[in-house]
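The values are calculated or read from the model by the stated rules, or taken from the named source; none is laboratory data. This is a predicted model, so every value here is computed, not measured. Cβ sites come from the backbone with ideal geometry, for glycine too, and all protein chains shown count toward neighbours.
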């Protein structure tokens with residue numbers, strides 16, 4: 001059985017409680033259950049992202065993209081500033097992914113975990129790549 005991280009568990013519990021509140025509001029006849037259910041589903045989606053991405057470096061852009069899409073959808077129904085904020089958040093998430101892509105290539109999937117091949121064998125040439133490799137390793141094992 002796969003271990004579940006603390007953030008995934010917290011998001012699932014919060015999402016389940018909010019969805020239960022939405023069901024209760026729906027049974028009472030309130031149309032507010034639609035908004036409450038949307039927020040609950042957002043927390044469940046955040047739990048799925050938290051479970052799917054194990055590294056902290058990949059989790060931040062994923063949450064930003066999810067939040068940007070949700071705010072964009074709300075902005076299409078309500079006001080233009082929400083739409084622009086959502087598009088900006090989604091673009092920021094894309095920029096973060098593009099900025100982290102060279103670092104991900106340095107650490108790459110070709111280096112097996114748990115084995116230290118030394119900086120020369122796993123990183124390649126030059127000290128900037130070695131510094132980037134060490135920075136990503138510190139992020140991974142924190």
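All of (1) under 30 Å from residue 138 (Cβ atoms); (2) surrounded by 13 or more Cβ atoms within 10 Å (Cβ to Cβ) hold for residue 69 with one exception: (1).
Would you be able to say whether some residue in region 10-24 is crowded, with 16+ Cβ neighbours inside 10 Å and within 15 Å of the chain's Cα centre (by Cα)? Yes - at least one qualifying residue is present in region 10-24.
In region 44-55, is there at least one residue being farther than 22 Å from residue 95 by Cβ, in contact with a helix residue (DSSP H, G or I) (Cβ under 9 Å, 6 or more places away or on another chain) and at pLDDT 85 or above? Yes, there is a match, as at least one residue in region 44-55 is farther than 22 Å from residue 95 by Cβ, in contact with a helix residue (DSSP H, G or I) (Cβ under 9 Å, 6 or more places away or on another chain) and at pLDDT 85 or above. Do we find a residue being under 28 Å from residue 135 (Cα atoms), touching a helix residue (DSSP H, G or I) at 6+ places or on another chain (Cβ under 9 Å) and at pLDDT below 80 anywhere in region 6-29? Yes - at least one qualifying residue is present in region 6-29. For region 39-53, the tally of residues that are touching a residue at least 24 places away in the same chain (Cβ under 8 Å) and either closer than 16 Å to residue 23 by Cα or not in a helix (DSSP H, G or I) (or both) stands at 5.
The set of residues in region 72-84 being surrounded by 13 or more Cβ atoms within 10 Å (Cβ to Cβ) and either within 24 Å of residue 37 (Cβ to Cβ) or at pLDDT below 85 (or both) consists of 72, 73, 74, 75, 82, 83. Among residues of region 30-41 being exposed (fewer than 15 other Cβ atoms within 10 Å of the Cβ) and over 15 Å from residue 74 (Cα atoms), the one that is modelled with the lowest pLDDT is 31. Answer yes or no as to whether residue 87 is within 13 Å of the chain's Cα centre (by Cα), surrounded by fewer than 18 Cβ atoms within 10 Å (Cβ to Cβ) and modelled with pLDDT of 85 or more. Judged against the criteria, residue 87 is not a match.
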